[in-house]
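Here's the structure, in structure tokens; my notes come after.
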């Protein structure tokens with residue numbers, strides 16, 4: 001109770017409500033306002049029953065307090081009490097009949113509980129007030145679809161898409177309506193519009209693949225199904241569609257015309273890689289695992305072809321004895337012999353040496369050249385151009401590759417892999433400082449890959465490293481301009497976590513289960529003083545359905561689908577995923593519980609026929625509640641019932657991409673665009689830090 005009281009006082013101190021609850025008022029009104037604040041606090045604390053009691057208490061004191069009706073309606077919906085939700089929305093609309101937004105919310109509540117006639121009445125009311133409300137047009141389309149008027153529904157969804165082109169739900173539902181109308185080509189175009197605006201919208205991509213199959217555009221369909229398979233390899237519907245496509249392709253073999261091969265354009269930096277002097281020995285050196293899993297574990301290479309941009313040599317790692325010298329451009333091969341030795345073959349294919357010891361491939365030039373390693377015979381297409389030394393050793397029935405490289409060259413290989421090179425310069429500088437700092441923190445503090453034989457992996461588990469392929473003249477200028485700069489806290493290298501997009505407000509690490517209370521991971525608003533932050537269920541829901549207005553908003557640098565996204569997932573697909581991982585049986589309900597101040601979910605209750613489970617891991621919340629992974633844990637959801645009274649669909653409204661702790665990359669771009677320096681950007685996301693200099 002003390003914690004809730006403190007939360008209430010905190011909210012009171014920073015928030016001014018539209019109905020002026022902080023202004024002098026009568027005791028009854030003041031008590032109602034306090035009940036309302038308590039309801040919001042209980043909601044964020046993950047106690048929905050106490051929140052509802054608080055909203056009821058506010059209404060007993062003041063039945064005309066619209067905000068209590070609205071917030072209670074949102075909460076009833078999240079608790080699966082859809083009849084109560086619709087009733088509370090209806091009461092709110094009676095108090096404010098001129099609100100198109102409330103009328104739309106009522107229409108959506110009626111759709112959730114399968115009351116099509118009531119939904120139609122509410123949506124017409126909404127559109128009469130505001131014919132430019134995109135969500136009202138989506139609701140109208142849903143009503144028309146349920147009435148069997150697919151063509152009319154498609155027109156309604158088209159109106160919504162025209163009003164807000166970035167609204168992926170409008171394009172998705174338009175695709176569904178056109179599919180029902182038998183207009184496969186147009187449906188495919190609508191699904192393509194949705195998936196191109198948000199590549200993580202798996203249901204839209206599935207619809208696109210189905211449409212392409214119906215149009216007998218099998219090669220294009222196969223490409224989409226391949227991407228779906230990578231996203232959700234266990235999904236039964238995707239597997240079923242893949243098998244159906246394979247059968248159709250076998251039957252129509254020879255009918256599909258071959259596509260004309262397009263000439264590959266050289267990249268801006270192709271053929272003009274920067275020649276870089278070898279670094280001083282004082283620069284810290286890293287060992288980076290090349291070709292690693294999503295959890296940073298080594299993946300074995302079947303066999304390897306390698307060559308150098310200049311002359312290279314092969315030596316034993318232990319003792320340094322030279323095995324061979326290789327001229328620039330010559331392609332040699334590393335593989336496994338029949339007896340399990342690491343076998344080295346020259347450019348003509350003749351065996352040169354066999355060993356069980358690790359070997360080192362290194363440049364013989366005083367100018368830092370690069371070594372090109374690529375997997376031979378594998379299906380993954382692994383290929384890297386790497387500066388520094390390349391170590392190859394045996395692991396099981398394959399080979400592992402480790403790149404030993406200095407910190408500055410490593411930062412060159414990370415920068416554009418983690419942030420688009422077209423980003424504003426100061427944002428890129430901030431990212432370069434973070435790349436350097438994060439590598440040192442993992443190397444010297446976390447030491448997370450010590451058992452794997454390297455300092456860092458080359459994937460998102462540490463940070464994405466792509467070697468020379470990631471370098472451009474612009475990126476080299478940025479890294480050189482921040483040479484040796486790192487983020488420090490009280491004289492030590494800081495743990496500088498970052499994510500793609502925070503959705504408008506970063507999270508405090510102390511709010512996330514198991515993350516600890518790091519002083520500089522303090523949640524902060526990603527906008528100026530004019531930007532408002534949701535503090536109630538109703539405001540949170542509305543904010544996730546509207547574009548972000550802070551620094552991480554959609555721009556020429558940031559895709560709209562990164563800051564705001566939506567999903568439609570069938571209950572059948574979600575049930576299968578949740579049962580596979582949690583053993584819940586039949587899915588009965590999903591109840592959001594505790595949230596960070598930012599709105600990110602910290603825990604969710606999943607109710608099933610066999611058992612109920614609470615999911616309180618940030619990474620599992622993102623991973624479980626979708627066909628593939630959701631972009632973030634910042635979302636609200638609507639459960640829609642079928643005619644049998646069981647869940648039919650779940651509609652998600654979300655924001656951001658990633659965990660939302662530390663620096664927001666999209667926000668950094670927005671800040672840089674506004675003229676902020678890289679040091680000011682870093683200090684905005686990490687409180688109390690300094691920009692240190694390694695001075696090498």
Of residues in the stretch 109-134 being surrounded by fewer than 24 Cβ atoms within 10 Å (Cβ to Cβ) and under 29 Å from the mean Cα position of the chain (by Cα), the one nearest to residue 76 (Cα to Cα) | 112
Pick out the one residue from 591, 587, 582, 663 that is under 23 Å from residue 545 (Cα atoms) and touching a strand residue (DSSP E or B) at 6+ places or on another chain (Cβ under 7 Å).
-> 591
In contact with a strand residue (DSSP E or B) (Cβ under 9 Å, 6 or more places away or on another chain) and not assigned by TED's automatic domain parsing to the domain that holds residue 295: does that describe residue 514?
-> no
Inside the stretch 538-549, can you point out the residues that are in contact (Cβ under 8 Å) with a residue 60 or more places away in the chain and out of contact with any strand residue (DSSP E or B) (no Cβ under 8 Å at 6 or more places or on another chain)?
-> 538, 542
Looking at this structure, is residue 104 surrounded by fewer than 23 Cβ atoms within 10 Å (Cβ to Cβ) and farther than 18 Å from residue 194 by Cβ?
-> no
Could you please tell me which pairs satisfy a Cβ distance under 9 Å, a separation of 6+ or placement on different chains, a first residue in the stretch 125-138 that is not assigned by TED's automatic domain parsing to the domain that holds residue 97 and modelled with pLDDT under 95, and a second residue that is surrounded by fewer than 19 Cβ atoms within 10 Å (Cβ to Cβ) and not in a helix (DSSP H, G or I)?
-> none
Would you point out which residue out of 59, 70 is at pLDDT 95 or above, closer than 26 Å to residue 604 by Cβ and part of a helix (DSSP H, G or I)?
-> 70
Candidate set: the stretch 550-578, residues that are touching a strand residue (DSSP E or B) at 6+ places or on another chain (Cβ under 7 Å) and either assigned by TED's automatic domain parsing to the domain that holds residue 41 or assigned to a helix (DSSP H, G or I) (or both); chosen: the one nearest to residue 508 (Cα to Cα) = 563
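Kindly state which strands (runs of 3 or more DSSP E) lie completely within the stretch 327-410 and contain at least 2 residues that are touching a helix residue (DSSP H, G or I) at 6+ places or on another chain (Cβ under 6 Å).
Result: 383-386.
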Quick one: count up the residues across the stretch 419-462 that are outside any helix (DSSP H, G or I) and within 18 Å of residue 294 (Cα to Cα).
-> 13
What is the number of the single condition among (1) touching a helix residue (DSSP H, G or I) at 6+ places or on another chain (Cβ under 6 Å); (2) closer than 30 Å to residue 424 by Cα; (3) modelled with pLDDT of 95 or more that residue 634 does not meet?
-> (1)
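The values are calculated or read from the model by the stated rules, or taken from the named source; none is laboratory data. This is a predicted model, so every value here is computed, not measured. Cβ sites come from the backbone with ideal geometry, for glycine too, and all protein chains shown count toward neighbours.
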